[in-house]
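What follows draws every value from the coordinates through simple rules; no lab data is involved. Please read all numbers here as calculations on a predicted model, not as lab measurements.
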């Protein structure tokens, strides 16, 4: 009797993990692009699947100076000479 419904449980477990993996991909990919466009490493997007760490990462993203903007400001002010290639 204990093993009677074991195949049904195995299917449910597989479907559960597949759904969780799909959900993680749906969450991580947009944040990967956002972090990369801001000038941070795209790998920080993986932090979005860790509870509580994702909130901290969002606050850091929202309130820190973005490296891409700092580089753009330096180019506009002439501090960085891009050089001729």
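Compute from the Cα atoms of the range 6-77 the Rg and the Dmax, the latter being the longest Cα-Cα distance, and quote both in angstrom.
Cα-based Rg and Dmax for the range 6-77 come out at 17.6, 68 Å.
Given contacts defined as C-alpha pairs under 8 Å and at least six residues apart, what's the relative contact order of the range 6-77, whole-number percent?
Result for the range 6-77 is 23 percent.
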